[in-house]
Amino acid sequence: MLKEYYPAFLNCFQDPFSPSAWHFLQKYPAQEQACKLSRRELRIFFKNIHIYPESFVQRVYDGLRTYLQVRPVLVETRSHLARVLAPQLLQIRELVREYERQLEKAT
């Protein structure tokens, strides 16, 4: 799905399934919106989710600058889906982590 409508996203995150990627997708579900962000805006966003390395911010900034044009109808439908799925994926990840902690306690 992301490859279709948001190829820049895949350039930004080594692990597109990481919480930082999902938080980013939740806040910036469309490529055109994200590509307008300045380094400063990215730094503030990542600082708010406790990601501090400047190298990480730079990688995302550079990744957003290399993107292809995507048809608007595709962006509209896929970005809505991403906006809906991102918080659910974050919640599922946290539930799995809690389950794993409980398993560790039981053993």
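Points worth noting:
- Just so you know, in segment 31-45 the residues that are in contact (Cβ under 8 Å) with a residue 12 or more places away in the chain and farther than 14 Å from GLY63 by Cα include one that is nearest to the chain's Cα centre (by Cα), and it is PHE45.
- Being within 20 Å of ILE92 (Cα to Cα) and loosely packed, with under 13 Cβ neighbours inside 10 Å holds for only one residue in HIS23, HIS80, and it is HIS80.
- Filter pass, GLU100 being in a helix (DSSP H, G or I), more than 24 Å from MET1 (Cβ to Cβ) and of a type outside the set (A, V, I, L, M): yes
- Matching residues, segment 10-43, being outside any loop (DSSP other than H, G, I, E, B) and of a type in the set (Phe, Trp, Tyr): TRP22, PHE24
- Residue list for segment 1-46, restricted to those being modelled with pLDDT of 90 or more and closer than 17 Å to PRO72 by Cα: TYR28, ALA34, LYS36
- When residues in segment 31-53 are screened for being within 26 Å of GLU94 (Cα to Cα) and out of contact with any Asp or Glu (no Cβ under 8 Å at 6 or more places or on another chain), 12 of them pass.
- Within the set PRO19, PRO29, the sole residue that is in contact with a His (Cβ under 8 Å, 6 or more places away or on another chain), within 21 Å of PRO87 (Cα to Cα) and not charged (D, E, K, R) turns out to be PRO29.
The values are calculated or read from the model by the stated rules, or taken from the named source; none is laboratory data. Since the structure is predicted, the reported quantities are computational estimates derived from the model, not experimental observations. Here the Cβ is made from the backbone with ideal geometry for all residues, glycine too, and neighbour counts use every protein chain on show.
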